[in-house]
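Structure, as structure tokens:
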Amino acid sequence: MFRFSTAGESHGRGLVAWVSGLPAGVPIDPAFINRELRRRQGGYGRGGRMKIETDTAELLSGVRRSKSTGAPIAMLIVNKDWENWTESLPVEEQESTAEKYRGLNPPRPGHADLAGSLKYNLHEARYILERSSARESTARVAAGALAKQLLTQFGIEVLSHVIAVGDVRIKGQPTWAQISEVCAQNEINFNCTEPDVEQAMKKAVDDILRTGDTLGGIFEVVAHNVPPGIGTHINWDERLDGLLAQAVMSLQAVKAVEIGTGIENAQAVGSRVHDEIGYDREAARFTRPENHAGGLEGGISNGEDLIVRGYLKPISTLRRPLQSVHMETKEIVKAAYERSDVCVVPAAGVAAESMVALTLARCFLEKFGGDSLEETRRNFDGYQAQLRAF
């Protein structure tokens, strides 16, 4: 069974990603993993932490001679900022802990601070912040890079772009080629396919920075060349659309997920929403001139590009803090401030790519199986022959 997990904290020694169930023989390129980590760190509107960290993954197990062995893969991403927190967050109790411990109180509205403190009976939110921070998504991106390297073996690619920052939004729906081009750039600004709109996005971030506020937005993840038949309608918890929605919603600050043009569809009549079906005899495949369904029908991929949108709320940490309540004294005060970003929509898109890739890899292997890449490929090729003969 393909699965993954992460461990680690925002200011701890490092982050750990653990992936199990990857077939043996999948080519693994550490440079690709590190490129994905750099993409997550990019984007206009990032904060000072990105100047400290240069994320790279150290492969600890499960990869030998640049190929997966079938064993669990463990990766470590060291936090360079840890050296500034060793006395504040030691593993073992120390006499100086109370003096040098940097707590967080009062809680920040919109963050996990208060809810987590109530849940774990903590009267300040340092330990809640450390794990709930979006820094955790670094480990997800490392794990997602492994899933991408599996999917690439079968022609499946996963990328993202930014649709909106605040109320600044692109005008059209970009092609896969346009998305690929903007993602290939070394320096990510807003990962936006429309240069004039990207400039407006930058201005929006600059303007909001001066006010001490933050901005959210919308990103779109596109999985290209996904074959029909991934996922199932048989059981509610195995539907691919539901799994993708949960995966993307699990990312920090994502408050809504859309498949295809789902929101627009809810306000339209059926004749405008449902994608008509054609057939390409030369390619021996069914086609659709439009993709309102986002590549998913009945919880199953239909052969079109798979499209998932995430709606990201503004970052919870504000330079101009909102009202809060001190957890011990119960006095009305201003919320605490912790170093943060202004806008992270492009980075969230990269993290969402990883969640989509990890979900697709899981469902892909559930369908095609295989303890080795060769076995998986035989099963996949047999299914492709079945589709062509349909």
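Values as computed for the structure displayed
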| item | result |
| --- | --- |
| Every residue from region 326-350 that is farther than 20 Å from Arg102 by Cβ and touching a residue at least 24 places away in the same chain (Cβ under 8 Å) | Val342, Cys343, Val344, Val345, Pro346, Ala347, Ala348, Gly349, Val350 |
| Matching entry among Ala177, Ala145, Ala204 (being in contact with a helix residue (DSSP H, G or I) (Cβ under 7 Å, 6 or more places away or on another chain), part of a helix (DSSP H, G or I) and among the hydrophobic types (A, V, I, L, M, F, W, C)) | Ala145 |
| Condition broken by Lys255, with the remaining ones in (1) assigned to a helix (DSSP H, G or I); (2) at pLDDT 95 or above satisfied | (1) |
| Tally of residues being among the β-branched types (Val, Ile, Thr) and under 22 Å from Arg309 (Cβ atoms) across region 331-390 | 6 |
| Which listed residue, of Ser117, Ser68, is closer than 30 Å to Thr376 by Cβ and at pLDDT 95 or above | Ser68 |
| Qualifying residue in region 275-293 (condition: surrounded by 17 or more Cβ atoms within 10 Å (Cβ to Cβ), outside any strand (DSSP E or B) and on the phi > 0 side of the Ramachandran plot) | no |
| First in region 356-385 and under 19 Å from Asp241 (Cα atoms), second anywhere and of a type in the set (Gly, Ala, Ser) and part of a helix (DSSP H, G or I), Cβ under 6 Å, 6 or more apart | Ala357/Gly144; Ala357/Ala147; Leu358/Gly144; Leu358/Ala147; Thr359/Ala247; Ala361/Ala147 |
| Given (1) within 30 Å of Lys203 (Cβ to Cβ); (2) at pLDDT below 95, number of the condition Glu36 does not satisfy | (2) |
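The values are calculated or read from the model by the stated rules, or taken from the named source; none is laboratory data. Owing to the predicted nature of the structure, the values given are computational and were not obtained by experimental measurement. Every residue, glycine among them, receives a Cβ derived from its backbone with ideal geometry; neighbour counts consider all protein chains shown.
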